[in-house]
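Nothing in this text is a laboratory measurement; each read-out follows from the coordinates by a stated rule. Please read all numbers here as calculations on a predicted model, not as lab measurements. Reconstructed Cβ throughout: ideal geometry from the backbone, glycine too, with neighbour counts over all protein chains shown.
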Amino acid sequence: MTPLTPADEHRLREAYRRESRSLLQYAGQAELYAGGADRKVLDAVRRVAAEDAEHLRGFADILGQMRVAPPHPGAFPVGFTDLNFVAARWLLPKLAADRRRAAADLTADRDAVADPAAKAAFEALADMARRHLAELESLPS
């Protein structure tokens, strides 16, 4: 394995930090409201967030194999605290926009690195973001 450039290492670390503190990850931990029929929406949001978190743990493992220490992700953006106790259904368009942005950012990250393993890691995360986007958009809003 050839050593990564400092720019590629920075891009990998920043992507891990950014995706670890995404709106989807926040929603997976937040107290969202869901009455009656909306329970399925809330369950879907939590399941998608948990799957996303699992993929991020895998991404962190890949970083370790590349000898890139994953950064401490830090706190969620302060603006996310306004989203506690909102209806899960109300949050769906914001979550879809978050996953759309994530897919675009991760694709740009993939295109910017030279290392094949880094490209593959970014592509896997971008694919996951696109799958989650499709699933979130399929939920009744």
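Just want the answer: with Cβ charges of +1 for Lys and Arg and -1 for Asp and Glu, which residue in Leu91, Phe122, Thr107 is farthest toward the dipole's positive end in region 6-138?
Leu91
Quick check on the chain: helices-only [θ] at 222 nm, where DSSP H runs of length 4 and up contribute -39,500 (n - 2.57) each and the sum goes over total residues. Nearest 500, please.
On the way: 5 runs with 97 residues, N = 141.
So the calculated ellipticity at 222 nm is -23500 deg cm²/dmol.
To the nearest 10 degrees, how steep is helix 116-138 against the longest Cα principal axis of the chain, on a 0 to 90 scale?
For 116-138 against the chain, the angle is about 10 degrees.
Compute the Rg to Rh ratio over the chain from the alpha carbon atoms, using the Kirkwood formula for Rh, and round to two decimal places.
Values: Rg = 15.7 Å, Rh = 15.6 Å.
That ratio is 1.01, to two decimals.
Roughly how tilted is helix 6-20, in degrees to the nearest 10 and between 0 and 90, from the longest Cα axis of the chain?
10
Ordered by packing density, taken as the mean number of other Cβ atoms within 10 Å over each peptide's residues, highest first, how do 106-117, 23-34 rank?
Details: 106-117: 15.9, 23-34: 18.5.
Order by mean packing, descending: 23-34, 106-117.
When the Cα centres of region 73-112 and region 12-28 are compared, how far apart do they sit, in Å?
Cα centres, region 73-112 to region 12-28: 8 Å.
Which value, in debye to the nearest 20, describes the size of the charge dipole of the chain about its Cα centre when Lys and Arg Cβ atoms bear +1, Asp and Glu Cβ atoms bear -1, and nothing else is charged?
Dipole of the chain, to the nearest 20 debye: 200 debye.
Which chymotrypsin sites (Phe, Trp or Tyr not before Pro) does region 85-130 hold that lie in a coil by DSSP with at most 12 other beta carbons within 10 Å?
Values: sites: Phe85, Trp90, Phe122; in loops: Phe85.
In loop regions of region 85-130 (DSSP not H, G, I, E or B), the sparsely surrounded chymotrypsin sites (Phe, Trp or Tyr not before Pro) are Phe85.
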